[in-house]
1. In degrees from 0 to 90, rounded to the nearest 10, what is the angle of the helix A:82-97 Cα long axis to the longest principal axis of chain A?
2. Which angle from 0 to 90°, rounded to the nearest 10, does the C-alpha axis of helix B:201-216 make with the longest principal axis of chain B?
3. Mind giving me the FRET efficiency for A:S32 and B:R60? R0 is 30 Å, r the Cβ-Cβ distance, nearest 0.05 is fine.
4. Working from Cα positions, state the angle (0 to 90°, nearest 10) between the long axis of helix A:306-321 and the longest principal axis of chain A.
5. With a cut-off of 8 Å between alpha carbons and a minimum separation of six or more residues, what is the relative contact order of region B:22-172 in percent?
6. List, in order, the whole-Hz ³J(HN,Hα) value for each residue of region A:114-123 obtained from phi through the Karplus relation with A = 6.51, B = -1.76, C = 1.60 and θ = phi - 60°; use x for Gly and Pro.
7. Which distances, in nm and shortest first, link the B:T143 label point to the same label point in every other copy, taking 7 Å along Cα→Cβ?
8. For chain A, what does -39500 (n - 2.57) per DSSP helix run (n ≥ 4), summed and divided by total residues, give at 222 nm, in deg cm²/dmol to the nearest 500?
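The numbers here are math on the coordinates, done by the rules we state, and not lab data. Bear in mind that the values here come from a model prediction, so they are computed numbers and not experimental data. Neighbour counts are summed over all protein chains in view; Cβ atoms, including those assigned to glycine, are modelled from backbone coordinates with ideal geometry.
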There are 2 protein chains.
Amino acid sequence: MEQVTLKDVARAVGVSVMTVSNVVNGRLDRVSPATAARVERAVADLGYVPSAAARTLVARRSGLVGLLLPGRPDGVSLLGSPHDVAVTGALEAALRGRDHHLMLRGVGDARDVRDSVRRWGLDGVVLMGFTDAALAGLDLPPTLAAVLVDADGGAVGAGGRARHARVRSDDRAGGRLAGAHLTGLGHAGLVLAGPVDGASRVVAERLAGFRAAAADAGLPAGAVRTAHARTTYDEGVALGGRLAADVRAGDVTAVFATADVLAAGIVRGLTDAGLRVPADVSVLGYDDADLARQVTPRLSTVAQDTAGKGRLAAELLLGLVAGDDAAPRSASVPVALVARESTGPAPG
Amino acid sequence: MEQVTLKDVARAVGVSVMTVSNVVNGRLDRVSPATAARVERAVADLGYVPSAAARTLVARRSGLVGLLLPGRPDGVSLLGSPHDVAVTGALEAALRGRDHHLMLRGVGDARDVRDSVRRWGLDGVVLMGFTDAALAGLDLPPTLAAVLVDADGGAVGAGGRARHARVRSDDRAGGRLAGAHLTGLGHAGLVLAGPVDGASRVVAERLAGFRAAAADAGLPAGAVRTAHARTTYDEGVALGGRLAADVRAGDVTAVFATADVLAAGIVRGLTDAGLRVPADVSVLGYDDADLARQVTPRLSTVAQDTAGKGRLAAELLLGLVAGDDAAPRSASVPVALVARESTGPAPG
DNA sequence: GCCGTCCTGTTTAACGCTAAAGTGGCGCGC
DNA sequence: GCGCGCCACTTTAGCGTTAAACAGGACGGC
């Protein structure tokens, strides 16, 4: 495990350290092909690996990207949802392919963020799993290259010159797809379930799309209600229980949840209350996580390309890092409706 | 985002850089309380954050730990199972609490490992999700502080002086618990489903415990069979389908899977084949992942303390890093049987 | 009163790397 | 044959930090 340094390689080849550095970094205009070849050889033979610490120190870029997540002291639900896990995997792979590394870090406040970034000289950060409100509390420095996954971060859209970008699914289209699917099945008592109290842009977009589809189908404005729940299975179960009465009263015939975990919980809550899904109520999810195929009934859902999301996040971030002002500040992945067993024709 | 350095703090206070360094690193025996206080003050005022790069370079310890996972180029299933996700969360939190950071990295071969470690001067690594065979291919240097989660790594137990440690659940006890539960319900046609072809120590232990419990219950040696499957939902579904015939023939009445995802798949495969769980067959999982409560029927399972596993991994690793030779090289978290709906009395 | 210690610092020399400036030899134009 | 530019390197300096050696004054013992 002894570090092989540039000096070792230089000595082995009989050139200066700087020449080796030039070869290693591909500045071949400064080195003759013959020398370059000898250096390459020695690098391979000795197993030289450049020290990121030394490079960071002098070059002011680390090749390290932080994935910042809402961090509780006990680490429970650091990567809360299957969606986040999928994005993380794709993000890591994409960064790996572009010669960058990923640091995983739970953060609680603005100090945590600043500390991580400064301590390691992070080139940039990806933030995932934060509500817009939590994000505002993080008070991201405008100079910090940051990509927000499924969040807005208030100022981002406004000022415009902050080095921040956003990645999400095409939420409006997703909402519209959901609405079209459900109204197409004859549903007229619609509920959007999710973190609607959070003033989240993502949820607002989905709701807007959902409502637009309802309007397209000729439904009155009051046909779409909302029900607040955080994106967890347990809150879904609770919400499902509460919704049961409305279903029985005939006010609600279909529920569109903002995530599959939530939808699965709602199905459970409804079922526990004695209702049948989809015979009595339809439930539609979002994400197409593995879970959607694993629960009973299998969830109909709005699928989004989570792997694409991770890749996009990597791309946008590296664009920001490179200081490419022409790079897009926002991108979304496509969505598609996957009809399975949890949705069916409206009862009656 | 300009870096505030030791020099800036030193100038502000009117002392040497070294004095500030001593205060920041808690070497208070070299500094008068009065000076220390002034330094602390300036550190807070200026928002000084030490540079990990510089510290790593000179001090030969980075405070960075790598979490190495089997890495495919596309990043799919980097954190394959809910179990791994839970461990990761707890690991990150534990490291955070001990002033360390976590680097997430998918690796394919020995070069990837060496490269990551050298490049960043990782203090140590945690390896998770590897089969024992894959681990052997990684060819971990004995001098590298490493903790293996749910794996053995061959040489680890043997040589003994390698700086490697292992964390797992109490697998033998888990197997025994599973066996006792199932035989207690009158089952006599038992199958252990999981990666049994992989020569994995973990699986072997669970099987041994399972068999021991069967023997305790007076069952003949042939009562426990094994069925190979990797730990995924889809392989579970396929296996469930194959097992259906044996169930109908009365040869199999209960299946013990090495993970909840696998168990859930098996339930699905069995159900799709027209069998009822648990009326016709019982299925028992392992882990007590969220999924166990989310599928129908809810899975009975052997719960293990995944958060404890993450914390233990952090502890063992930091012990190894500190060079504490007395530190334990192996630890396991407790298991407990959670009876839910997927297991019931043997049919007939 | 003198020497050894302790206390509280400071100075020096790296760590591995890169940007920028320097060097020396050789070919070429005229 | 002289200057110029260019090629293929080398030298110098410094990034922010720490280990180790050094310094000087107060204080105590005898």
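1. Approximately 20 degrees, to the nearest ten.
2. With rounding to tens, the tilt is 40 degrees.
3. On the way: r = 36 Å, r/R0 = 1.18.
So the FRET efficiency works out to roughly 0.25.
4. In chain A, helix A:306-321 runs at an angle near 40 degrees to the longest axis.
5. On the way: 191 pairs, mean separation 30.4, N = 151.
The normalised contact order for region B:22-172 reaches 20 percent.
6. Result, ordered by residue: 4, 4, 4, 5, 5, 4, 9, x, 3, 6 Hz.
7. Between copies, matching label points for B:T143 lie 4.0 nm apart.
8. On the way: 14 runs with 157 residues, N = 348.
Rounded to the nearest 500, it is -13500 deg cm²/dmol.
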